[in-house]
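Asks: First the structure, then my questions, so here it is.
The values are calculated or read from the model by the stated rules, or taken from the named source; none is laboratory data. These numbers come from a predicted model, not from an experiment. For neighbour counting, all protein chains shown are included, and Cβ atoms are generated from backbone atoms with ideal geometry for every residue, glycine included. Surface areas here come from the heavy atoms of the whole protein model, side chains and all, with no ligands, DNA or RNA. Shrake-Rupley method; radii C 1.70, N 1.55, O 1.52, S 1.80 Å.
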Amino acid sequence: MELLDTLQRPLRDLRISVTDRCNFRCTYCMPREVFGPGYQFLNRTEILSYEEITRLARIFVSLGVEKLRITGGEPLVRKDLHQLLAQLRAIPGMRDLTLTTNGSLLRAQAQKLKDAGLQRITVSLDSLDDAVFQSLNDSGVPVATVLDGIKAAQEVGLAPIKVNAVVKRGVNDHTVVDLARHFRGTGIILRFIEFMDVGATNGWKLDSVVTAKEIVETISREIPLEPAEANYRGEVAKRWRYTDGSGEIGIIASISQPFCGDCTRARLSPEGELYTCLFSNRGHDFRALLRGGASDEEIAAFAASVWQVRADRYSELRTSETAALPKVEMSHIGG
Ligand code: SF4
């Protein structure tokens, strides 16, 4: 019997945050003034081991999950990540293993990740303009390092490769056409993300949002675009193809075109809390079950009970009041 939530949405996509740490301090995700030197990150015993993550993932795959996305923080800062990927790749019934990274550590790890079974990858790159990029990542890492990471991913055969760019008005919106020009015709799928009111630390304001409509109009003025069909139900990005056939882009428009109706995603935090929405303020503790001797059946029953009562549709109900509500930080559960 298919596991459905209260809006008849199946559980298909589990995003696994393997660390709350990152070597970047992106202003819209992990602002340095909050995540500074004194910030208390989770320690080794608090976070799930690779064996615990794999056991949970196997149980979720038995409940209908087909896609596993590894996130963070920055997942490549966690030691020997390739060992986890190899364990996850071996789970029967798991169809799609991918990972989201800031790309700065990719050159050194791409081959190991590929050999371990990673199929494809998403790299965040908000601008090709070094000053703009570094003002956003606040870590002094140049664009060239991330572009080299993307090149390494291509060289080892990770595909498709997607590049995500969060667009913030007055910060990097004047550089979206550069990104489009750069990745057009390369087979790499560029996706623009509307700036979201995730967490409670990124100073989100509605007038900082550049909408999907504006992004399409801006690019189309130079490189005409037309809408393209979704690849599958629950696909997060709206697809647009270049009318000259030279490729496509995607837009993740959580603010101006919310897509909760088809949301089949759950997110697992590094310490084993399951969140049924990116904008939740409450997780469900699986670590206590894992470490308390619960059987796979008991854990599966708990997971099903959490999903069956799920009614999340935050983006469809967003107001200026909800934007101010306490929410889990995106750096804690991945985008
Ligand atoms: S706001 Fe929540 S329910 Fe809506 S699409 Fe995002 S994660 Fe899914």
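Asks: For helix 106-116, what angle does its Cα long axis make with the longest principal axis of the chain, in degrees from 0 to 90 and rounded to 10?
Replies: Taking Cα atoms only, the helix is inclined about 50 degrees.
Asks: Just to be sure I follow: if Rg is taken over the C-alpha atoms of region 1-134 and Rh is the Kirkwood radius over the same atoms, what is Rg/Rh? Before the final figure, lay out the partial values.
Replies: Values: Rg = 16.3 Å, Rh = 16.3 Å.
Looking at region 1-134, the ratio lands at 1.00.
Asks: Let me ask something else. With the cut-off at 1.5 for a/c, could you classify the chain from its C-alpha gyration tensor as rounded, prolate or oblate? Spell out each step's value before the answer.
Replies: Values: a/c = 1.42, a/b = 1.34, b/c = 1.06.
Because its axes are fairly even, with a/c under 1.5, the chain counts as rounded.
Asks: Using modelled backbone amide H atoms (1.01 Å from N, in-plane), which distant-in-sequence or interchain residues come within less than 5 Å of S254's amide H?
Replies: Long-range HN contacts for S254: E194.
Asks: Run the reach check for K238 against aspartates and glutamates, Cα to Cα strictly under 15 Å, same-chain hits fewer than 8 apart removed. What comes back?
Replies: E194, E214, E217, E226, E229, E248, D262
Asks: Can you give the net charge of the other residues whose Cβ lies under 13 Å from the Cβ of V177, counting K and R as +1 and D and E as -1? Mind showing how you got there, number by number?
Replies: Details: positive: R181, R184, R221; negative: D129, D173, D178, E214, E217, E222.
Surrounding charge for V177 is -3.
Asks: Something else now. Select from region 232-269 those trypsin sites (Lys or Arg not before Pro) which occupy a DSSP coil region and have at most 13 other Cβ atoms within 10 Å, ordered by residue number. Numbers along the way, then the final one.
Replies: On the way: sites: R233, K238, R239, R241, R265, R267; in loops: R233.
Those that pass, being in a loop and sparsely packed, are R233.
Asks: Place +1 on the Cβ of every Lys and Arg and -1 on the Cβ of every Asp and Glu in the chain, take the dipole about the Cα centre, and give the residue among Q134, P75, V328 whose Cα lies farthest towards its positive end.
Replies: My answer, from the dipole projection, is P75.
Asks: Also, I was wondering about something else. Need the full-extension length gain, L7 to S135, defined as separation in residues times 0.36 nm minus the C-alpha distance. One decimal, nm.
Replies: Contour length minus Cα-Cα distance gives 42.0 nm.
Asks: May I ask you to derive the FRET efficiency for E51 and A144 from their Cβ-Cβ distance with R0 = 41 Å, giving the value to the nearest 0.05?
Replies: Values: r = 37 Å, r/R0 = 0.91.
FRET efficiency, E51 to A144: 0.65.
Asks: Here is a follow-up. State the percentage of accessible surface on the chain attributable to carbon and sulfur atoms; use a 1.4 Å probe and exclude ligands, DNA and RNA. Walk me through the numbers before you get to the answer.
Replies: Numbers: 7420 of 14000 Å².
With neighbouring chains kept in place, the figure for the chain is 53 percent.
Asks: Could I ask something else about it? Tell me the chymotrypsin sites (Phe, Trp or Tyr not before Pro) within region 1-66 that lie in a loop according to DSSP and have at most 16 other beta-carbon atoms within 10 Å. Write down the numbers at each step before the final one.
Replies: Working: sites: F24, Y28, F35, Y39, F41, Y50, F60; in loops: F24, Y28, F35, Y39, F41.
Sites meeting the loop and neighbour criteria: Y39, F41.
Asks: Scattering from the C-alpha atoms of region 106-210 alone, worked out with Debye: what is log10 I(q)/I(0) at q = 0.19, 0.20, 0.23 1/Å?
Replies: The calculated log intensity ratios at q = 0.19, 0.20, 0.23 Å⁻¹ are -0.99, -1.06, -1.24.
Asks: Further, regarding this structure: Given Cβ point charges of +1 (Lys, Arg) and -1 (Asp, Glu) and nothing else, what value in debye, to the nearest 20, does the dipole of region 13-333 about its Cα centre take?
Replies: On the way: 40 positive and 41 negative charges, 89 e Å.
Roughly 420 debye, rounded to the nearest 20.
Asks: How much mean residue ellipticity at 222 nm does the chain get from its helices, if each DSSP H run of length 4 or more adds -39500 (n - 2.57) and you divide by all residues, to the nearest 500 deg cm²/dmol?
Replies: Mean residue ellipticity at 222 nm (helix-derived): -8500 deg cm²/dmol.
Asks: Taking only Cα atoms and a 10 Å spring cutoff, compute GNM fluctuations for the chain and point out the largest among T100, T54, T319.
Replies: Comparing T100, T54, T319 in a Gaussian network model of the chain, the most mobile one is T319.
Asks: Just the accessible area for H174, please: 1.4 Å probe, Å², rounded to the nearest 10?
Replies: 120
Asks: Report the charge-dipole magnitude of region 136-185 in Debye, nearest 20, computed about the Cα centre from +1 at each Lys and Arg Cβ and -1 at each Asp and Glu Cβ.
Replies: Values: 6 positive and 5 negative charges, 42 e Å.
Value, rounded to 20: 200 debye.
Asks: Set Lys and Arg Cβ to +1 and Asp and Glu Cβ to -1, take the dipole of the chain about its Cα centre, and tell me which of S305, T319, C277 lies farthest positive.
Replies: Positive-most Cα among the choices belongs to S305.
Asks: Restricting to DSSP loop positions (anything but H, G, I, E, B) with no more than 12 other Cβ atoms inside 10 Å of their own Cβ, which trypsin sites (Lys or Arg not before Pro) remain in region 1-46?
Replies: Working: sites: R12, R15, R21, R25, R32, R44; in loops: R12, R21, R25, R32, R44.
When the trypsin sites (Lys or Arg not before Pro) of region 1-46 are filtered for loop state and at most 12 Cβ neighbours within 10 Å, R44 remain.
Asks: Based on DSSP, what percent of beta bridges with both residues in the chain are antiparallel, to the nearest 5? Show your work: numbers first, answer last.
Replies: Values: 13 of 42 bridges.
Within the chain, antiparallel bridges account for around 30 percent of the total.
Asks: Under a GNM of the chain (C-alpha, springs under 10 Å), which listed residue has the highest mean-square fluctuation: N43, N281, N164?
Replies: Greatest mean-square fluctuation among the candidates belongs to N43.
Asks: Would any residue of region 253-283 have its amide N under 20 Å from a label point 7 Å out along Cα→Cβ of V34? List them or say none.
Replies: So the set is 254-255, 267-283.
Asks: In what order, largest first, do K151, K327 sit by accessible area if the probe radius is 1.4 Å?
Replies: Details: K151 105, K327 20 Å².
Sorted by accessible area, descending: K151, K327.
Asks: Using a probe radius of 1.4 Å on heavy atoms only, what accessible surface per residue do you get for the chain? Whole Å² is fine.
Replies: Numbers: 14000 Å² over 335 residues.
With the other protein chains kept in place, the chain gives 42 Å² per residue.
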